[in-house]
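First up is the structure itself, then whatever we jot down about it.
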Amino acid sequence: MRKMLAALGFGLALSVGGAAHAQTDNPAARSTAREIFAHIVAMDTSINGLQTPAMAQFLAQRFRAGGFAPEDVTIVPVENTAALVVRYRGDGTGGRPILLLGHMDVVTAVRSDWERDPFTLVEENGFFFGRGASDNKAGIALLTTTFLQLRAEGFTPTRDLILVFSGDEETTTLSTRTLLRDHRQLLGDAEFALNSDGGGGDLRESDGAPSAYYIQTAEKTFATFTLTARNPGGHSSAPRPDNAIFDLTEAITRLRAYAFPVMWNETTLASFRAGATAAPAPLAAALRRFAERPSAQRGEALQAQAPTMAGQLRTTCVPTRLAAGHADNALPQSAVATVNCRIFPGVAVNEVQAQLQRLAGAQVEVTLRSDLPATDASPLRPDILEAIATAVHARHPGVPLIPMMAPYYTDGMFYRAAGIPTYGVGEIFMKNSDAFAHGLNERVPVEAFYNGLDHWRLLIGALAGPR
Ligand SMILES: [Zn+2]
């Protein structure tokens with residue numbers, strides 16, 4: 001999904017001027033983008049609607065009609081969904097391929113709950129409404145249009161550009177895992193990936209001016225554990241000294257009191273440095289001090305200022321479910337808590353499991369329930385950051401670029417885990433208060449949508465255009 005940093009309370013204020021909008025003002029590009037957008041929003045690609053394979057077919061047909069060779073347009077069926085991979089061949093002078101990522105599926109939308117039909121693209125009050133409008137069908141429509149436009153103009157990139165549209169990012173992520181496991185040849189020996197489903201720009205709430213652009217360079221690892229206490233049980237009129245519920249709640253109490261170590265990487269420091277310029281004074285000072293010379297002590301001071309910073313500073317684990325006992329008048333034979341962890345980049349899942357087991361004690365068994373890979377932050381490469389700056393500043397001069405770590409995950413995690421550095425560089429600038437990804441009345445500003453044509457064209461030009 002799109003960037004989500006509201007919890008940090010960062011909102012940078014900078015004035016910006018106008019910019020030349022080459023594609024934004026190109027009627028052919030606009031109408032192609034809008035037509036594709038409308039067509040794919042109308043397809044219910046949620047886990048219930050099952051229209052993702054049909055969407056892949058529709059897009060594949062457009063690419064073939066636009067001059068892409070049939071062997072460069074591949075649909076990979078995966079159970080009841082599909083992925084689409086499109087290779088734009090370069091002349092190879094610019095190095096290894098770049099992947100451009102997006103996902104075709106959407107979160108389920110119940111028609112009766114919405115003010116407008118979620119599966120009809122509606123333009124109203126300066127917004128495009130529809131399920132997937134922001135997450136992630138704008139990205140798909142704009143990347144597709146950019147590829148078609150560049151091909152029609154006879155552009156030859158200096159390196160292969162490979163679009164990879166997955167089919168189940170919001171649910172099982174099986175299509176991405178299958179691509180990386182069984183179809184690596186389709187992805188070439190990609191050097192890095194740009195993900196349309198991460199990052200993006202903020203518009204200031206007061207006047208809608210662009211205020212910051214976030215590059216998602218890291219994602220926390222998601223891991224779910226169960227803590228289980230078992231006991232022979234018995235009649236509740238005859239309590240025993242050991243009791244599954246007491247054992248489990250004591251373990252949970254120790255978890256509550258425990259804080260995983262303060263950690264940081266270059267993304268942490270860059271995002272804190274940027275955040276310090278806009279945060280209220282005491283928090284700004286704590287952010288700046290940490291970014292200048294990070295330490296556990298300075299991390300604690302920062303978290304004391306802003307408790308929600310914990311997610312940016314350390315691994316976090318919280319209980320999310322609880323189940324115990326089988327009768328009102330029986331001693332519990334088991335007590336089970338579900339604990340969900342968001343693990344700091346670079347930390348192995350089994351290290352976290354070992355720590356949970358130490359906290360839980362011998363009476364409680366800790367088991368891992370999820371199977372998602374641990375990932376490290378992607379390096380802040382100057383060439384990539386410069387290309388992103390080119391694309392963003394052409395439209396919004398002077399807007400600060402801020403690397404950030406997402407506390408949740410996207411398909412990008414699997415690419416990072418596979419050794420492909422991944423950068424969330426979504427094209428949309430919008431207000432946080434207008435972001436309704438996953439929710440009701442999802443929308444994207446019309447102007448931001450068309451501006452996205454320039455975003456991708458400029459990014460591709462900077463990274464794979466003639467010198
Ligand atoms: Zn998404």
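The values are calculated or read from the model by the stated rules, or taken from the named source; none is laboratory data. Keep in mind that what you see is a predicted model, and the values were worked out from it rather than measured. Cβ atoms come from the backbone with ideal geometry, glycine included; neighbour counts cover every protein chain shown. For accessibility, only protein heavy atoms count, side chains too; no ligands or nucleic acids. Shrake-Rupley method; radii C 1.70, N 1.55, O 1.52, S 1.80 Å.
Which members of region 79-111 meet the condition of being within 16 Å of the ligand (Cβ to nearest atom), open to solvent by 20 Å² or more (accessible area, probe 1.4 Å) and either in contact with a Lys or Arg (Cβ under 6 Å, 6 or more places away or on another chain) or not hydroxyl-bearing (Ser, Thr, Tyr) (or both)?
Residue satisfying the conditions is Val107 alone.
Regarding Thr172, is this residue in the same structural domain as Gly94 (by TED's automatic domain parsing) and under 22 Å from Gln57 (Cβ atoms)?
Working: in the same structural domain as Gly94 (by TED's automatic domain parsing): yes; under 22 Å from Gln57 (Cβ atoms): yes.
Yes, satisfied.
Which of the residues spanning region 60-78 are open to solvent by less than 20 Å² (accessible area, probe 1.4 Å), in contact with a strand residue (DSSP E or B) (Cβ under 6 Å, 6 or more places away or on another chain) and either small (Gly, Ala, Ser) or within 25 Å of Ala109 (Cβ to Cβ) (or both)?
Passing the criteria: only Ala60.
Search region 164-181 for residues being more than 16 Å from the ligand (Cβ to nearest atom) and among the hydrophobic types (A, V, I, L, M, F, W, C), and hand back the single one that is surrounded by the fewest Cβ atoms within 10 Å (Cβ to Cβ).
The residue in question is Leu180.
When you scan region 226-324 for helices (runs of 4 or more DSSP H) that lie fully inside it, which ones turn up with 1 or more residues that are of a type in the set (Phe, Trp, Tyr) and open to solvent by less than 80 Å² (accessible area, probe 1.4 Å)? So that I can check it myself, show each step before the final result.
Working: elements: 244-257, 266-276, 281-292, 296-305, 310-313.
It comes to 266-276, 281-292.
Phe155 - would you say it is under 18 Å from Ser46 (Cβ atoms), assigned by TED's automatic domain parsing to the domain that holds Gly199, away from the ligand (no atom under 16 Å from the Cβ) and modelled with pLDDT of 95 or more?
Judged against the criteria, Phe155 is not a match.
So Ala109 fits all but one of (1) closer than 25 Å to Arg184 by Cα; (2) of a type outside the set (D, E, K, R); (3) under 26 Å from the mean Cα position of the chain (by Cα); what number is the exception?
The number of the failed condition is (1).
Given the conditions (1) within 15 Å of the ligand (Cβ to nearest atom); (2) out of contact with any Ser or Thr (no Cβ under 9 Å at 6 or more places or on another chain); (3) of a type in the set (Val, Ile, Thr), and given that Thr422 satisfies all but one, which numbered condition is not satisfied?
Of everything listed in (1) within 15 Å of the ligand (Cβ to nearest atom); (2) out of contact with any Ser or Thr (no Cβ under 9 Å at 6 or more places or on another chain); (3) of a type in the set (Val, Ile, Thr), Thr422 misses just condition (2).
Yes/no per residue for (1) under 29 Å from Asp189 (Cβ atoms); (2) touching a helix residue (DSSP H, G or I) at 6+ places or on another chain (Cβ under 9 Å); (3) not in a loop (DSSP other than H, G, I, E, B):
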{"residue": "Val76", "(1), (2), (3)": "yes, yes, yes"}
{"residue": "Gly90", "(1), (2), (3)": "yes, yes, no"}
{"residue": "Leu101", "(1), (2), (3)": "yes, yes, yes"}
{"residue": "Thr120", "(1), (2), (3)": "no, yes, no"}
{"residue": "Phe128", "(1), (2), (3)": "no, yes, yes"}
